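The values are calculated or read from the model by the stated rules, or taken from the named source; none is laboratory data. Source: prediction; values computed, not measured. Positions of Cβ are generated from backbone atoms using ideal geometry, with glycine treated the same way; all protein chains shown enter the neighbour counts. The area values use the complete protein model at the heavy-atom level, side chains included, leaving out ligands, DNA and RNA. Shrake-Rupley method; radii C 1.70, N 1.55, O 1.52, S 1.80 Å.
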Amino acid sequence: MKYEPPRLEMLLAKLAFRLCGKSVYQAFADRLPLDGGEQVLDFGCGMGTVAYYVAKKLSHGHLTCLDISERWLNACRTTLRKYRNVDYLLWESPTLAKESFDVVYCHFVLHDIPDKELARVIPVLAESLKPSGLLAFREPLTDTDKISLIKSLVEHNSLCAMDSRIIDIPMMGNALECLYSKR
Ligand SMILES: C[S@@+](CC[C@H](N)C(=O)[O-])C[C@H]1O[C@@H](n2cnc3c(N)ncnc32)[C@H](O)[C@@H]1O
(Lines give C-alpha, C1' and ligand atoms only; values in the text may rest on other atoms or scores of the structure.)
Protein backbone atom coordinates (compact mmCIF):
# COMPACT_ATOMS: atom_id res chain seq x y z
CA MET A 1 0.00 0.00 0.00
CA LYS A 2 1.97 2.99 -1.35
CA TYR A 3 1.68 6.26 0.55
CA GLU A 4 3.63 9.51 0.15
CA PRO A 5 3.28 12.12 2.91
CA PRO A 6 2.09 15.67 2.14
CA ARG A 7 4.57 18.51 2.79
CA LEU A 8 2.70 19.62 5.93
CA GLU A 9 3.11 16.16 7.53
CA MET A 10 6.83 16.29 6.77
CA LEU A 11 7.11 19.79 8.22
CA LEU A 12 5.36 18.72 11.44
CA ALA A 13 7.68 15.71 11.74
CA LYS A 14 10.71 18.01 11.38
CA LEU A 15 9.31 20.29 14.05
CA ALA A 16 8.68 17.37 16.44
CA PHE A 17 12.26 16.16 15.84
CA ARG A 18 13.65 19.65 16.58
CA LEU A 19 11.53 20.14 19.70
CA CYS A 20 11.40 16.62 21.16
CA GLY A 21 14.42 14.88 19.58
CA LYS A 22 16.07 14.01 22.87
CA SER A 23 13.05 13.45 25.09
CA VAL A 24 11.09 11.28 22.64
CA TYR A 25 13.34 9.72 20.00
CA GLN A 26 16.68 9.55 21.79
CA ALA A 27 14.92 8.17 24.88
CA PHE A 28 13.64 5.24 22.77
CA ALA A 29 17.05 4.72 21.13
CA ASP A 30 18.72 4.70 24.57
CA ARG A 31 16.44 1.88 25.73
CA LEU A 32 17.46 -0.44 22.87
CA PRO A 33 19.98 -2.99 24.16
CA LEU A 34 22.89 -2.14 21.83
CA ASP A 35 26.63 -2.73 22.31
CA GLY A 36 27.68 -0.94 19.12
CA GLY A 37 28.45 -3.88 16.83
CA GLU A 38 24.94 -4.97 15.88
CA GLN A 39 23.19 -5.20 12.52
CA VAL A 40 20.01 -3.16 13.11
CA LEU A 41 16.84 -2.52 11.09
CA ASP A 42 14.68 0.60 11.56
CA PHE A 43 11.36 -0.52 10.09
CA GLY A 44 9.33 2.56 9.02
CA CYS A 45 12.19 4.99 9.60
CA GLY A 46 10.33 8.12 8.43
CA MET A 47 12.74 11.07 8.39
CA GLY A 48 15.18 9.18 10.64
CA THR A 49 14.10 10.58 14.01
CA VAL A 50 15.17 7.47 15.96
CA ALA A 51 17.75 6.34 13.41
CA TYR A 52 19.72 9.55 13.99
CA TYR A 53 20.41 8.46 17.58
CA VAL A 54 20.81 4.73 16.80
CA ALA A 55 23.40 5.30 14.03
CA LYS A 56 25.55 7.20 16.56
CA LYS A 57 25.58 4.16 18.87
CA LEU A 58 26.63 1.67 16.16
CA SER A 59 30.35 2.49 16.17
CA HIS A 60 31.21 -0.85 14.54
CA GLY A 61 27.74 -2.01 13.53
CA HIS A 62 25.31 -1.19 10.75
CA LEU A 63 21.86 0.35 10.46
CA THR A 64 19.37 -0.29 7.68
CA CYS A 65 16.66 2.37 7.37
CA LEU A 66 13.58 1.02 5.63
CA ASP A 67 10.41 2.79 4.57
CA ILE A 68 7.55 2.28 2.16
CA SER A 69 7.73 5.95 1.12
CA GLU A 70 10.42 7.32 -1.17
CA ARG A 71 9.85 10.83 0.16
CA TRP A 72 10.42 9.75 3.79
CA LEU A 73 13.45 7.73 2.79
CA ASN A 74 14.97 10.77 1.06
CA ALA A 75 14.30 12.88 4.16
CA CYS A 76 16.01 10.15 6.22
CA ARG A 77 19.08 10.29 3.94
CA THR A 78 19.29 14.03 4.66
CA THR A 79 18.93 13.61 8.44
CA LEU A 80 21.61 10.90 8.53
CA ARG A 81 23.95 12.36 5.89
CA LYS A 82 26.96 12.42 8.23
CA TYR A 83 26.80 8.67 8.97
CA ARG A 84 28.62 6.10 6.84
CA ASN A 85 27.26 3.03 8.67
CA VAL A 86 23.73 3.33 7.25
CA ASP A 87 21.96 2.03 4.16
CA TYR A 88 18.49 2.81 2.88
CA LEU A 89 15.88 0.37 1.67
CA LEU A 90 12.66 1.19 -0.15
CA TRP A 91 10.14 -1.47 0.94
CA GLU A 92 8.49 -2.43 -2.33
CA SER A 93 7.68 -6.06 -1.61
CA PRO A 94 7.53 -7.53 1.87
CA THR A 95 10.79 -9.50 1.83
CA LEU A 96 14.01 -9.29 3.84
CA ALA A 97 17.06 -11.54 4.04
CA LYS A 98 16.48 -14.24 6.67
CA GLU A 99 18.43 -14.11 9.96
CA SER A 100 20.25 -10.91 9.01
CA PHE A 101 19.53 -8.56 11.94
CA ASP A 102 20.41 -8.59 15.64
CA VAL A 103 17.82 -5.92 16.41
CA VAL A 104 14.71 -4.76 14.56
CA TYR A 105 12.77 -1.79 15.89
CA CYS A 106 9.55 -0.01 14.91
CA HIS A 107 8.71 3.42 16.28
CA PHE A 108 5.11 4.51 15.75
CA VAL A 109 4.73 2.39 12.60
CA LEU A 110 2.83 -0.87 13.21
CA HIS A 111 -0.40 0.79 14.39
CA ASP A 112 -0.72 2.47 10.95
CA ILE A 113 -0.50 -0.75 8.95
CA PRO A 114 -3.79 -2.42 7.93
CA ASP A 115 -4.48 -5.75 9.69
CA LYS A 116 -4.07 -7.93 6.56
CA GLU A 117 -0.72 -6.34 5.70
CA LEU A 118 0.43 -6.59 9.31
CA ALA A 119 -0.16 -10.35 9.14
CA ARG A 120 2.32 -10.45 6.22
CA VAL A 121 4.82 -7.95 7.66
CA ILE A 122 5.37 -9.35 11.16
CA PRO A 123 6.44 -12.87 10.02
CA VAL A 124 8.95 -11.22 7.63
CA LEU A 125 10.38 -9.11 10.47
CA ALA A 126 10.57 -12.17 12.76
CA GLU A 127 12.34 -14.22 10.06
CA SER A 128 14.82 -11.41 9.43
CA LEU A 129 16.07 -11.70 13.02
CA LYS A 130 19.04 -13.88 13.90
CA PRO A 131 18.44 -16.50 16.63
CA SER A 132 18.12 -14.61 19.96
CA GLY A 133 17.68 -11.37 18.00
CA LEU A 134 15.46 -8.66 19.45
CA LEU A 135 12.31 -6.94 18.23
CA ALA A 136 11.41 -3.65 19.92
CA PHE A 137 8.42 -1.46 19.22
CA ARG A 138 6.76 1.65 20.59
CA GLU A 139 3.16 2.23 19.50
CA PRO A 140 0.40 4.60 20.65
CA LEU A 141 -2.20 3.05 22.94
CA THR A 142 -5.18 4.69 21.24
CA ASP A 143 -6.36 1.55 19.40
CA THR A 144 -6.26 -1.33 21.87
CA ASP A 145 -7.56 -3.87 19.31
CA LYS A 146 -4.60 -3.07 17.07
CA ILE A 147 -2.19 -3.44 19.98
CA SER A 148 -3.70 -6.86 20.79
CA LEU A 149 -3.34 -7.93 17.15
CA ILE A 150 0.31 -6.79 17.01
CA LYS A 151 1.16 -8.68 20.22
CA SER A 152 -0.64 -11.81 19.09
CA LEU A 153 1.09 -11.84 15.67
CA VAL A 154 4.47 -11.24 17.30
CA GLU A 155 3.95 -14.06 19.82
CA HIS A 156 2.81 -16.47 17.07
CA ASN A 157 6.08 -15.87 15.23
CA SER A 158 8.57 -17.38 17.68
CA LEU A 159 9.10 -14.20 19.68
CA CYS A 160 8.99 -14.18 23.50
CA ALA A 161 8.09 -11.11 25.53
CA MET A 162 11.05 -9.85 27.60
CA ASP A 163 9.88 -6.44 28.75
CA SER A 164 7.01 -4.02 28.33
CA ARG A 165 5.91 -0.71 29.79
CA ILE A 166 3.45 2.10 29.23
CA ILE A 167 4.86 5.60 28.98
CA ASP A 168 3.33 9.04 28.65
CA ILE A 169 4.98 10.90 25.77
CA PRO A 170 4.65 14.70 25.71
CA MET A 171 2.10 15.77 23.03
CA MET A 172 1.73 12.16 21.81
CA GLY A 173 -0.07 10.57 24.76
CA ASN A 174 0.28 7.07 26.17
CA ALA A 175 2.35 4.56 24.26
CA LEU A 176 3.28 0.93 24.74
CA GLU A 177 6.94 -0.11 24.52
CA CYS A 178 7.68 -3.82 24.12
CA LEU A 179 10.83 -5.87 23.73
CA TYR A 180 10.74 -9.44 22.33
CA SER A 181 13.45 -12.02 21.84
CA LYS A 182 13.55 -14.66 19.08
CA ARG A 183 13.49 -18.24 20.33
C1 LIG B 1 4.28 7.86 11.97
S2 LIG B 1 5.61 7.61 10.87
C3 LIG B 1 6.91 7.20 12.03
C4 LIG B 1 8.27 7.46 11.48
C5 LIG B 1 9.43 7.24 12.46
N6 LIG B 1 9.55 5.85 12.84
C7 LIG B 1 9.24 8.14 13.66
O8 LIG B 1 8.87 7.65 14.72
O9 LIG B 1 9.46 9.35 13.53
C10 LIG B 1 5.25 6.01 10.15
C11 LIG B 1 6.26 5.61 9.09
O12 LIG B 1 6.03 4.25 8.72
C13 LIG B 1 6.08 4.14 7.30
N14 LIG B 1 5.25 2.99 6.91
C15 LIG B 1 3.90 2.89 6.92
N16 LIG B 1 3.52 1.68 6.49
C17 LIG B 1 4.64 1.00 6.19
C18 LIG B 1 4.91 -0.31 5.70
N19 LIG B 1 3.93 -1.17 5.40
N20 LIG B 1 6.17 -0.69 5.52
C21 LIG B 1 7.19 0.16 5.82
N22 LIG B 1 7.01 1.41 6.29
C23 LIG B 1 5.76 1.82 6.47
C24 LIG B 1 5.55 5.48 6.81
O25 LIG B 1 5.91 5.74 5.47
C26 LIG B 1 6.17 6.44 7.82
O27 LIG B 1 7.45 6.82 7.45
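Charging the Cβ of each Asp and Glu at -1 and of each Lys and Arg at +1, and nothing else, the dipole of the range 62-135 about its Cα centre rounds to 340 debye.
The range 62-119 and the range 121-183 have Cα centres spaced 16 Å apart. Put a plus charge on the Cβ of each Lys and Arg, a minus charge on the Cβ of each Asp and Glu, and nothing anywhere else: the dipole of the chain about its Cα centre is then about 580 debye. Restriction of the trypsin sites (Lys or Arg not before Pro) in the range 73-107 to DSSP coil positions whose beta-carbon has at most 16 other beta-carbons within 10 angstrom yields ARG81, LYS82, ARG84, LYS98.
Secondary structure note: in the chain, about 45% of the DSSP beta bridges are antiparallel.
Evaluated over the Cα positions of the chain, the convex hull gives a direction-averaged projected area, one quarter of its surface, of 9.4 nm². What the phi angles of the range 109-122 give under the Karplus curve with 6.51, -1.76 and 1.60, with θ = phi - 60°, is a coupling list of 10, 4, 5, 8, 8, x, 3, 4, 5, 4, 5, 8, 6, 4 Hz, glycine and proline written as x. Phi-derived couplings, Karplus 6.51 cos²θ - 1.76 cosθ + 1.60 at θ = phi - 60°, listed residue by residue for the range 135-140: 10, 10, 9, 10, 9, x Hz, with x used for Gly and Pro.
Cross-linked pairs LYS116/LYS151; LYS116/LYS146; LYS14/LYS57; LYS98/LYS182; LYS151/LYS182; LYS22/LYS56: Cα-Cα separations exceed 18 Å for LYS14/LYS57. Of PRO140, PRO170, PRO123, the residue with the greatest mean-square motion in the GNM of the chain, using alpha carbon springs below 10 Å, is PRO170. Rolling a 1.4 angstrom probe over the protein heavy atoms with all chains in place gives the range 13-71 an accessible area of 42 Å² per residue. Could you list the GluC sites (Glu not before Pro) in the range 53-105 that lie in coil according to DSSP, counting only those with at most 15 other Cβ atoms within 10 Å of their Cβ? Here the GluC sites (Glu not before Pro) that fit, given the DSSP loop and packing criteria, are GLU92, GLU99.
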